[in-house]
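Undergrad: For reference, the structure I am asking about is given below.
The values are calculated or read from the model by the stated rules, or taken from the named source; none is laboratory data. Because the structure is predicted, anything quoted here is derived from the model rather than measured. Because the Cβ atoms are built from the backbone with ideal geometry, glycine has one as well, and the counts that use them run over all protein chains shown. Each accessible area value is taken on the protein alone, full model and side chains, heavy atoms only, with ligands, DNA and RNA left out. Shrake-Rupley method; radii C 1.70, N 1.55, O 1.52, S 1.80 Å.
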Amino acid sequence: MDHRELAKGIHWVGAIDWDVRDFHGYSTLAGTTYNAFLIIDEKVTLIDTVKRSHLDDLMFHVREIIDPEKIDYLVVNHVELDHAGSLAEVMDAIKPEKLICSPMGEKAILDHFHREDWPYEVVKSGDTISIGERTLYFLETRMLHWPDSMFTYAMEDGILFTSDAFGQHLATSERFDDQVPLSVIMDQAAKYYANILYLYNPLIRKLLAKVGEMNLDIKMIAPDHGVIFRKHIDDILHAYDDWSRGKFDEKALIIYDTMWHSTEKMAVAIARGFEQEGVFTEMINLKVHHRSDVMTKVLKAGALVLGSPTLNNGLLPRMAGFLMYMRGLKPQNKLAASFGSFGWSGECVKLLNQSIEDMKLELFDEGLRVKYVPTDADLDSCVDLGRRMGKAIRERKQEQDD
Ligand code: FEO
């Protein structure tokens with residue numbers, strides 16, 4: 001069997017993007033893949049396409065197996081352009097009998113490509129289409145993470161094609177989860193979840209419940225980015241269960257930016273307080289950490305302590321940008337507090353507290369504000385804040401685990 005074959009007659013025909021480093025603000029330092037799958041049956045079926053820049057790779061991989069004009073059905077699980085950017089060119093090349101998509105998928109394709117003449121076959125949750133020896137079952141997954149998103153399940157083979165869900169931005173010539181260290185895969189899966197799916201936690205809980213009720217015999221989960229799960233299916237499902245529940249580790253993140261090191265001194269003292277309580281902390285200086293890596297850490301943290309000095313009646317711009325990014329991703333189930341130094345107007349803590357409340361995180365303390373440079377007494381207050389939060393987070397973790 002070809003190393004890109006998922007099951008007899010089901011082939012990976014996607015593209016590997018070794019070079020992409022930015023995905024609308026998400027740092028993809030390990031590159032990514034745009035996965036597409038070709039099923040050879042009475043009706044030859046292509047599931048998903050690729051980013052337009054990688055059209056040649058897709059067509060090359062298809063041609064290695066079959067003449068592209070022999071493709072009968074094209075399934076579009078998701079219209080975002082990293083998967084459907086080459087749709088117009090692929091449609092011209094293969095002229096399929098059916099373009100299969102969800103109801104919202106049809107609307108999104110029309111809004112993107114303005115082609116009323118394509119042979120849309122709209123499928124809803126629970127619909128099936130026979131392609132010969134195989135049956136494809138469709139499950140709409142609206143807002144996971146676009147309105148058009150859906151899963152396609154190849155019933156006889158037990159392969160669930162999940163579009164972005166369970167994806168990882170990971171460029172690799174290996175196609176399966178038993179060919180890459182699991183820690184590498186799970187780190188990238190967590191980063192993907194934290195930066196793309198986190199805000200949809202309630203929908204993910206419903207989806208996991210629905211898939212559980214359906215009692216599908218899932219032998220593989222084939223996302224549109226990264227490796228295909230065939231060995232570690234339980235690991236990725238359990239991870240999604242934990243992340244969507246907001247389960248946290250006994251860990252605090254001290255996320256800050258600093259102007260003349262006063263806010264930094266406060267951060268160090270707060271970390272000391274957590275350490276005195278035996279709670280693991282990470283110091284996240286926003287000057288050196290990318291926002292999307294910080295979000296990966298936020299996903300599993302139990303406490304967030306946010307620090308910024310006041311600049312021009314506001315926050316330092318890296319903190320302001322990070323807060324805007326984090327707010328959109330709707331983190332949940334965290335204790336939070338703020339701190340910062342100021343010279344005269346001193347709005348930093350008020351603004352940080354406002355952000356914490358906007359995110360509906362639990363504000364643990366009114367926050368610590370220090371004029372210019374912290375005194376020993378100020379630093380003692382910082383240590384005390386860390387100690388109090390550390391104690392609280394340990395208790396919350398205990399409750400979570402009970
Ligand atoms: Fe990988 Fe939502 O696209």
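Undergrad: Inside the range 316-338, can you point out the residues that are farther than 22 Å from Gly25 by Cβ and open to solvent by less than 10 Å² (accessible area, probe 1.4 Å)?
TA: Scanning the range 316-338 gives Leu335, Ala336, Ala337, Ser338.
Undergrad: Let me ask you something else. For the range 229-280, enumerate the residues that are of a type in the set (A, V, I, L, M) and open to solvent by 70 Å² or more (accessible area, probe 1.4 Å).
TA: Met259, Val268
Undergrad: If Val20 satisfies all but one of (1) open to solvent by 10 Å² or more (accessible area, probe 1.4 Å); (2) within 16 Å of the ligand (Cβ to nearest atom); (3) outside any loop (DSSP other than H, G, I, E, B), what's the number of the condition it fails?
TA: Condition (3) is where Val20 drops out.
Undergrad: Go through the range 138-156 residue by residue and tally those that are closer than 15 Å to Lys43 by Cβ and either among the small types (Gly, Ala, Ser) or open to solvent by 10 Å² or more (accessible area, probe 1.4 Å) (or both).
TA: Matching residues across the range 138-156 total 3.
Undergrad: Checking His225 against (1) modelled with pLDDT of 95 or more; (2) open to solvent by 10 Å² or more (accessible area, probe 1.4 Å); (3) not polar (S, T, N, Q), which test does it fail?
TA: Checking His225 against (1) modelled with pLDDT of 95 or more; (2) open to solvent by 10 Å² or more (accessible area, probe 1.4 Å); (3) not polar (S, T, N, Q), the one that fails is (2).
Undergrad: Would a scan of the range 48-58 turn up a residue that is open to solvent by less than 20 Å² (accessible area, probe 1.4 Å), within 11 Å of Val13 (Cβ to Cβ) and not β-branched (Val, Ile, Thr)?
TA: yes
Undergrad: If His114 satisfies all but one of (1) within 16 Å of the ligand (Cβ to nearest atom); (2) more than 23 Å from Ile131 (Cα to Cα), what's the number of the condition it fails?
TA: Unmet for His114, out of (1) within 16 Å of the ligand (Cβ to nearest atom); (2) more than 23 Å from Ile131 (Cα to Cα): (1).
Undergrad: Now, a different point. Name, by its number, the condition in (1) of a type in the set (Ser, Thr, Tyr); (2) open to solvent by less than 50 Å² (accessible area, probe 1.4 Å); (3) in a loop (DSSP other than H, G, I, E, B) that does not hold for Tyr192.
TA: For Tyr192, the exception is condition (3).
Undergrad: Would you pick out the residues in the range 158-183 that are part of a strand (DSSP E or B), surrounded by 23 or more Cβ atoms within 10 Å (Cβ to Cβ) and more than 16 Å from the ligand (Cβ to nearest atom)?
TA: Answer for the range 158-183, where residues must be part of a strand (DSSP E or B), surrounded by 23 or more Cβ atoms within 10 Å (Cβ to Cβ) and more than 16 Å from the ligand (Cβ to nearest atom): Ile159, Leu160.
Undergrad: Looking only at the range 23-39, which residues are surrounded by 19 or more Cβ atoms within 10 Å (Cβ to Cβ) and away from the ligand (no atom under 14 Å from the Cβ)?
TA: Result: Phe37, Leu38, Ile39.
Undergrad: Given (1) open to solvent by 50 Å² or more (accessible area, probe 1.4 Å); (2) not in a helix (DSSP H, G or I), where does Ser341 come up short, assuming only one miss?
TA: All conditions are met except number (1).
Undergrad: Sticking with this structure for a sec: Tell me yes or no: at least one residue of the range 79-102 is within 26 Å of the chain's Cα centre (by Cα), without any contact (Cβ under 8 Å) to a residue 12 or more places away in the chain and within 30 Å of Tyr193 (Cα to Cα).
TA: Within the range 79-102, not a single residue is within 26 Å of the chain's Cα centre (by Cα), without any contact (Cβ under 8 Å) to a residue 12 or more places away in the chain and within 30 Å of Tyr193 (Cα to Cα).
Undergrad: Taking Tyr200 as the residue in question, decide whether it is part of a helix (DSSP H, G or I) and either within 18 Å of the chain's Cα centre (by Cα) or on the phi < 0 side of the Ramachandran plot (or both).
TA: yes
Undergrad: Restricted to the range 77-106, and to residues that are charged (D, E, K, R) and within 16 Å of the ligand (Cβ to nearest atom), which residue is surrounded by the most Cβ atoms within 10 Å (Cβ to Cβ)?
TA: Asp82
Undergrad: Sticking with this structure for a sec: Quick one: what pairs do we get from the range 179-191, first residue closer than 16 Å to Ser292 by Cα and in contact (Cβ under 8 Å) with a residue 60 or more places away in the chain, second part of a helix (DSSP H, G or I) and of a type in the set (A, V, I, L, M), C-beta under 8 Å, 6+ apart or different chains?
TA: Taking only residues 6 or more apart or on different chains, the pairs are Ala190/Ala239; Ala190/Leu299; Lys191/Met295.
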